[in-house]
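Q: There's a structure below that I have some questions on.
The values are calculated or read from the model by the stated rules, or taken from the named source; none is laboratory data. Just so it is clear, the model here is predicted, and its values are computed rather than measured. Backbone-built Cβ (ideal geometry, glycine too); neighbour counts: all protein chains shown.
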Amino acid sequence: MRAVWYEQTGAAPTVLTVGEMPTPEASPGEVRVRLEASGVNPADVGRRSGNYRAMEFPLITPNSDGAGIVDQVGEGVTRFAIGDRVWLFNGQRNGRAFGTAAEYITLADYLVTPLPEDVSFAAGATLGIPGMTAWCALFADGPIAGQTVLVTGGAGAVGHYAVQLAKWGGARVITTVSSEVKDIEARLAGADFVVNYRTDDVAAKVMAFTENRGVDRVVDVDFGGNLATTLKLMAFNSTIAVYATNGNRTPTVPMRELMEKCITVRSLVLFALPPPLLAAAQEDITKWLASGTRVHNIAGQFALAETALAHLAVEKGDKIGTVIVDCAR
């Protein structure tokens with residue numbers, strides 16, 4: 001099969017190789033997916049660049065997320081049949097060397113989810129890390145119906161899904177953005193109130209919108225960078241669900257302020273979350289997809305041989321949505 005790999009970390013054009021490698025065979029409990037699309041996330045780029053952690057394997061095929069068609073079923077698998085359309089996550093992660101920048105992948109069947117006929121493979125490849133992280137950040141502690149949720153970065157890959165899923169879950173949704181274009185994207189996702197964090201006083205705007213009560217839950221793209229503002233707008237007995245903290249990776253946490261409002265800080269990284277929670281996310285995302293028209297933002301599409309360019313597009317930092325690699329071309 002054609003695939004992309006790296007044997008050392010570094011710049012994408014330097015370390016990524018395109019070539020042939022053996023097509024994998026499905027082991028017991030696994031399915032093999034003929035990949036149509038691979039999603040490129042910041043974590044994939046970070047691993048390849050060496051900014052995330054040291055390499056665990058001598059050769060790595062990058063990218064966690066993807067979508068395609070089941071073409072081989074391992075012993076004991078009953079959830080899927082040959083020909084099923086699917087999306088998947090945790091392809092390349094801690095403990096796994098072979099991701100979705102390839103024509104085929106074998107993966108445990110519980111990491112694979114049916115893809116509706118009306119959702120394209122490219123759209124399906126955006127669901128993995130972004131959709132699963134958004135759901136877990138919102139619902140890991142129970143239903144959110146009737147709550148007020150703040151999603152920071154509501155036009156980002158995770159944030160855009162978090163806005164849509166929060167509305168589906170019955171919450172009132174506030175989100176922050178950095179431009180007029182992203183304001184439009186957040187409103188298309190269903191946000192009830194949008195604040196431009198570059199030009200507005202976020203805490204003042206949010207507190208006014210909530211009649212000084214504050215928000216019940218924050219889905220936060222930058223815990224350390226946002227913390228000073230976030231603490232000003234939390235309600236009593238609220239939760240900050242953190243999935244990134246690039247603005248300040250070692251923030252000082254003011255415990256007294258958290259304690260005085262009984263604020264819970266929930267940290268999330270997808271590959272480490274408990275399997276029952278991930279299964280619940282997959283089940284709910286399936287229901288969500290079936291219950292209405294959804295917005296799947298695709299920031300760009302590249303051929304498999306152009307995977308280095310796809311990684312550079314993510315590194316550039318101005319994308320809206322998920323960058324996709326078309327594995328079949």
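Q: Going through region 47-59 one residue at a time, which ones are within 18 Å of LEU309 (Cα to Cα), surrounded by fewer than 24 Cβ atoms within 10 Å (Cβ to Cβ) and at pLDDT 95 or above?
A: Once the filter is applied, which keeps residues that are within 18 Å of LEU309 (Cα to Cα), surrounded by fewer than 24 Cβ atoms within 10 Å (Cβ to Cβ) and at pLDDT 95 or above, region 47-59 yields only SER49.
Q: For region 271-329, what are the residues that are closer than 12 Å to SER38 by Cα, hydrophobic (A, V, I, L, M, F, W, C) and modelled with pLDDT under 95?
A: ALA328
Q: Out of ARG213, ARG249, report the one residue that is among the basic types (Lys, Arg) and modelled with pLDDT of 95 or more.
A: On the way: ARG249 fails: modelled with pLDDT of 95 or more.
The unique qualifying residue is ARG213.
Q: Report, ordered by the first and then the second residue, all pairs with beta carbons closer than 9 Å, sequence separation of six or more or different chains, a first member in region 160-187 that is at positive phi, and a second member that is of a type in the set (S, T, N, Q).
A: That search, which allows pairs on different chains as well, returns GLY170/GLN147.
Q: For region 88-178, give me every one of the strands (runs of 3 or more DSSP E) that falls completely inside it and has 2 or more residues that are modelled with pLDDT of 95 or more and surrounded by fewer than 24 Cβ atoms within 10 Å (Cβ to Cβ).
A: On the way: elements: 104-108, 112-114, 148-151, 172-177.
Because the criterion is at least 2 residues that are modelled with pLDDT of 95 or more and surrounded by fewer than 24 Cβ atoms within 10 Å (Cβ to Cβ), the strands (runs of 3 or more DSSP E) in region 88-178 that meet it are 104-108.
Q: Now for a different question. Within region 311-320, is there a residue that is surrounded by 18 or more Cβ atoms within 10 Å (Cβ to Cβ), touching a strand residue (DSSP E or B) at 6+ places or on another chain (Cβ under 6 Å) and among the hydrophobic types (A, V, I, L, M, F, W, C)?
A: Yes, that holds for at least one residue.
Q: When you scan region 89-112, do you find a residue that is outside the structural domain of GLY46 (by TED's automatic domain parsing), closer than 25 Å to LEU273 by Cα and of a type in the set (Ser, Thr, Tyr), even just one? Don't jump to the end; show me each part of the working.
A: Going residue by residue through region 89-112, those that are outside the structural domain of GLY46 (by TED's automatic domain parsing) are none.
No, region 89-112 has no match at all.
Here's the yes/no breakdown for (1) closer than 24 Å to ASN41 by Cβ; (2) of a type in the set (Gly, Ala, Ser):
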position: ALA235; (1), (2): no, yes
position: ASN246; (1), (2): yes, no
position: PRO254; (1), (2): no, no
position: ALA280; (1), (2): yes, yes
position: LEU289; (1), (2): yes, no
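Q: Out of (1) surrounded by fewer than 16 Cβ atoms within 10 Å (Cβ to Cβ); (2) in a strand (DSSP E or B), what's the single condition that is false for ALA204?
A: (2)
Q: Pairs only if they're at least six apart or on different chains, beta carbon under 7 angstrom, first in region 244-265 and farther than 12 Å from THR230 by Cβ, second exposed (fewer than 14 other Cβ atoms within 10 Å of the Cβ); list them, first residue then second.
A: Pairs found: CYS262/PHE236; CYS262/ASN237.
Q: Something else about it: Say whether the condition of being touching a Lys or Arg at 6+ places or on another chain (Cβ under 6 Å) and within 29 Å of GLU75 (Cβ to Cβ) is met by at least one residue in region 112-128.
A: yes
Q: Which of the residues that make up region 60-82 are buried (at least 17 other Cβ atoms within 10 Å of the Cβ) and of a type in the set (A, V, I, L, M)? If you could, list the steps in order and put the result at the bottom.
A: Start the filter on region 60-82 by keeping residues that are buried (at least 17 other Cβ atoms within 10 Å of the Cβ), which leaves 60-68, 70, 72-74, 77, 80.
Of everything in region 60-82, those that are buried (at least 17 other Cβ atoms within 10 Å of the Cβ) and of a type in the set (A, V, I, L, M) turn out to be ILE60, ALA67, VAL70, VAL73, VAL77.
Q: Moving on to the next point. Given the conditions (1) in contact with a Ser or Thr (Cβ under 7 Å, 6 or more places away or on another chain); (2) on the phi < 0 side of the Ramachandran plot, and given that ASN90 satisfies all but one, which numbered condition is not satisfied?
A: Of the numbered conditions (1) in contact with a Ser or Thr (Cβ under 7 Å, 6 or more places away or on another chain); (2) on the phi < 0 side of the Ramachandran plot, the odd one out for ASN90 is (2).
Q: Something else: Evaluate the following for ALA241: is it without any contact (Cβ under 8 Å) to a residue 60 or more places away in the chain and touching a Lys or Arg at 6+ places or on another chain (Cβ under 6 Å)?
A: Values: without any contact (Cβ under 8 Å) to a residue 60 or more places away in the chain: no; touching a Lys or Arg at 6+ places or on another chain (Cβ under 6 Å): yes.
No; evaluated as a whole, the condition is false for this residue.
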